[in-house]
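A short write-up of the structure that comes next.
Quick note: the coordinates plus some simple rules give every number you see, no bench work behind them. The structure presented is a predicted model; accordingly, all values stated were derived computationally and were not measured. Here the Cβ positions follow ideal geometry from the backbone for every residue, glycine too, while neighbour counts run over all protein chains shown.
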Amino acid sequence: MASDPVLAPLRERAQQCTARAHVPFSGTPTAAVLLLDDGRWIPGVRVESASYSLTLPALLNAYTTAVALGVVDAVAAFVLSRSFRREEALYVETLAQDPYEAVADDAWLRGGRGGDGALPALDSLLSPVLGATLDDPSDGIDAARRMAQRAYVPASEYAVGAVLECDDGRLVPGVNVEHPDWARILCAERNALGTVQSYALPAPHHLFLTCSEDPDGTPCGACRQLLVELAPDTTLWMDRHSASPERATVSALLPGSFRGQALLDE
Ligand code: THU
């Protein structure tokens, strides 16, 4: 791959981030890096699931973090730690934001090479942590409600907001992010879990969830599976606006879960 002064520092970051990928089944880590207009950057790593098809691809993980952090309109470039596959190119090139064009076999720029002028110089990592601490669960629900306003939901108009509290008290947001290919839609809970992994944050401890005015709202099976695999000791607080939040544990939400121990890449 030819050396490129714009892409080289992003490629270097993407390579470094592969160490954070959760790839116990394939042993093949992938990472992506998004560059923002102000030079800050966002990592996204591959997060594998024992049920394989629930795996979060690195590009999707990085992009959905940008949506949850409210900076999606500022994404100027995507760089992957290896050559992209056809389905990965389709994911990036059909996003709703400005059109991104492949400029190498591992990178896309907004508007392509001629589109946006010079890219900003790479600056610092964008923090994914909300600037708040929680005194009690109602603060967590309030934060999740604020986050739900960032959901990107043109298909469903069903906004979900999530806030994961890590063991050290740091708060990480997640929202649902829809895509023209419904198989690429990510739920709010898994968005937050993917961000925790991409930034190598401590294990989650509490999960605050809000699903606007759906009295039956509850984490879907896919999110329950990822919670079991990545955050089994988490307590959930589910808010349906009208009633007081319902408390649940991950083990109660998915008893007898599939962990894929026999599939581990030793
Ligand atoms: N959704 C979530 O964000 N979390 C869940 O646990 C259930 C479903 C989202 C996905 C999609 O954007 C919309 O809600 C309808 O399924």
Discussion item. Going residue by residue through the stretch 32-54, is there one that turns out to be of a type in the set (Phe, Trp, Tyr) and part of a strand (DSSP E or B)?
Written reply: yes
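Of the residues Phe258, Phe208, which single one is surrounded by 15 or more Cβ atoms within 10 Å (Cβ to Cβ) and among the aromatic types (Phe, Trp, Tyr)? Explain how you work it out, then say what you get.
Working: Phe258 fails: surrounded by 15 or more Cβ atoms within 10 Å (Cβ to Cβ).
Residue meeting the stated conditions: Phe208.
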Item to complete: Look through the stretch 155-185, keep the residues that are under 13 Å from the mean Cα position of the chain (by Cα) and farther than 16 Å from Asp239 by Cα, and return whichever of them is farthest from the ligand (Cβ to nearest atom).
Response: Val172
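Looking for whichever is touching a residue at least 60 places away in the same chain (Cβ under 8 Å), over 20 Å from Val177 (Cβ atoms) and of a type outside the set (Val, Ile, Thr) here; the options are Leu10, Leu35. Which one fits? Walk me through how you get there before you give the answer.
Working: Leu35 fails: over 20 Å from Val177 (Cβ atoms).
So the residue among Leu10, Leu35 that is touching a residue at least 60 places away in the same chain (Cβ under 8 Å), over 20 Å from Val177 (Cβ atoms) and of a type outside the set (Val, Ile, Thr) is Leu10.
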Worksheet, complete the sentence: Of the candidates Leu130, Leu90, Leu95, the one satisfying the condition of being within 19 Å of the chain's Cα centre (by Cα), farther than 26 Å from Trp237 by Cα and part of a loop (DSSP other than H, G, I, E, B) is Leu95
Worksheet, complete the sentence: Selection from the stretch 186-222 of residues within 15 Å of the ligand (Cβ to nearest atom) and part of a helix (DSSP H, G or I) yields Ala188, Glu189, Arg190, Asn191, Ala192, Leu193, Gly194, Thr195, Gly221, Ala222
Worksheet item: Counting only residues that are polar (S, T, N, Q) and surrounded by fewer than 19 Cβ atoms within 10 Å (Cβ to Cβ), which one in the stretch 19-45 is nearest to Gln261 (Cα to Cα)?
Response: Ser26
